[in-house]
1. Would you check which residues across segment 244-267 are surrounded by 21 or more Cβ atoms within 10 Å (Cβ to Cβ) and either assigned to a strand (DSSP E or B) or at pLDDT below 80 (or both) and list them?
2. With respect to the numbered conditions (1) of a type in the set (Phe, Trp, Tyr); (2) closer than 22 Å to residue 168 by Cβ; (3) modelled with pLDDT under 95, which one is the sole condition not fulfilled by residue 230?
3. Specify the residue that is nearest to residue 51 (Cα to Cα); the eligible residues are those in segment 101-111 that are in contact with a strand residue (DSSP E or B) (Cβ under 7 Å, 6 or more places away or on another chain) and in a loop (DSSP other than H, G, I, E, B).
4. Could you tell me whether any residue of segment 321-337 is closer than 22 Å to residue 185 by Cα, in a helix (DSSP H, G or I) and aromatic (Phe, Trp, Tyr)?
5. Given the options 319, 314, 302, name the one that is closer than 24 Å to residue 101 by Cα, more than 14 Å from the chain's Cα centre (by Cα) and open to solvent by 40 Å² or more (accessible area, probe 1.4 Å).
6. What number of residues in segment 207-236 are over 21 Å from residue 258 (Cβ atoms) and in a helix (DSSP H, G or I)?
7. Which condition breaks for residue 149 when tested against (1) open to solvent by 10 Å² or more (accessible area, probe 1.4 Å); (2) at pLDDT 95 or above; (3) touching a Gly at 6+ places or on another chain (Cβ under 7 Å)?
8. Can you name the condition, by its number, that residue 239 falls short on among (1) under 30 Å from residue 99 (Cα atoms); (2) in a loop (DSSP other than H, G, I, E, B); (3) in contact with a helix residue (DSSP H, G or I) (Cβ under 7 Å, 6 or more places away or on another chain)?
Amino acid sequence: MAAPSGTMRAVQYDRYGGGAQRLKHAEVPVPSPSKGEVLIRMEATSINRVDWKFQKGVARPVMPRKFPFISGFDLAGEVVEVGAGVCEFKPGDKVIAINFPGGGGLAEYAVASASLTALRPPEVSAAQGACLPVAAVTALRALQTAGVSLDPDTARGGDGTGRRMNVLVTGASGGVGHFAVQLARLGGHNVTATCGARNLGLVRELGADEALDYGTPEGAALRSPSGRRYDAVVHCAAAAVPWSVFRPALAAAGMVVDITPGLVAGATAILQKLTFSKKRLVPLLVTPRKDEMELLVGMVKQGRFTAVIDSRYQLSRAQEGWAKSLSGHATGKVVVEMGGPE
């Protein structure tokens, strides 16, 4: 397979702010893989909260490192060229990868480190694979941080306790939340989920045995219909929830893992450490690993795990996908695809 040369189509922004309207289509040079990298002909990427948060300037002036910036950290496609020292991949391999914080997914070609690239079997579509690196790995890591085993034998008593954990997932119909619900259920745990009224049926289908509408008093208070106290909470909802709401809902040593922590969450976590609180809030920052992506790809291949895709857009309509993600009303993931019919 000949390595590409010349230019490619890409979608980029050249300054902070502006939302979907600031995204511009451009012809840019095809990147070349450096030592330890692979060049991927892109088939799909997904839009994550971190994409448009960077555009809003939450990491200013550190990220993006320079303008114009091509966003898209989740990569799915076909290897077309490998850099020096890369032995585990070859042109023609179907893969998923993450390129964080470099991005590049909203384009026809992107580079990624071979150490953060995983083979994608035929059973896993490019669209499904593109949903995994950021969102599914975040869900996996959040549950692990809270001590939630993904081994159902442990939940049935393999750890000697015979106790299933009570797990709460907020924002359970969103990009990370819908993965967290599935993983907790696969681990054999009791899962309570909060989401909007229109998605209550979906989160039950994904594995939640209790589903709360966050627009009701019970949902806002995170009150379990069966009176459960939560051993672990994966907080995925975009809206901040005060510690005063979490605290009475937790078991004696319950933990809240916040996947989008702000300053208040950080201050709360520090105070709890200083006071040796048994109930804890833990801010989570994730850098995905290759072995985690391989685990999740394998679960999708086996049919045990799936990505719910809200909507798909061709690269020429990337602004529409960006706006849908930014609206906060996507159910599951928003995917941008390359190479299909416009």
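1. 250, 254, 255, 256, 257, 258
2. That leaves (3) as the condition not met.
3. 103
4. No, because not a single residue in segment 321-337 is closer than 22 Å to residue 185 by Cα, in a helix (DSSP H, G or I) and aromatic (Phe, Trp, Tyr).
5. Result: 319 is the single residue among 319, 314, 302 that is closer than 24 Å to residue 101 by Cα, more than 14 Å from the chain's Cα centre (by Cα) and open to solvent by 40 Å² or more (accessible area, probe 1.4 Å).
6. The number of residues fulfilling the criteria is 2.
7. All conditions are met except number (2).
8. Evaluating residue 239 over (1) under 30 Å from residue 99 (Cα atoms); (2) in a loop (DSSP other than H, G, I, E, B); (3) in contact with a helix residue (DSSP H, G or I) (Cβ under 7 Å, 6 or more places away or on another chain) leaves (3) as the failure.
The values are calculated or read from the model by the stated rules, or taken from the named source; none is laboratory data. Since the structure is predicted, the reported quantities are computational estimates derived from the model, not experimental observations. Neighbour counts run over all protein chains shown; Cβ positions are idealised from the backbone, glycine included. Surface accessibility is based on the protein's heavy atoms, side chains included, excluding ligands, DNA and RNA. Shrake-Rupley method; radii C 1.70, N 1.55, O 1.52, S 1.80 Å.
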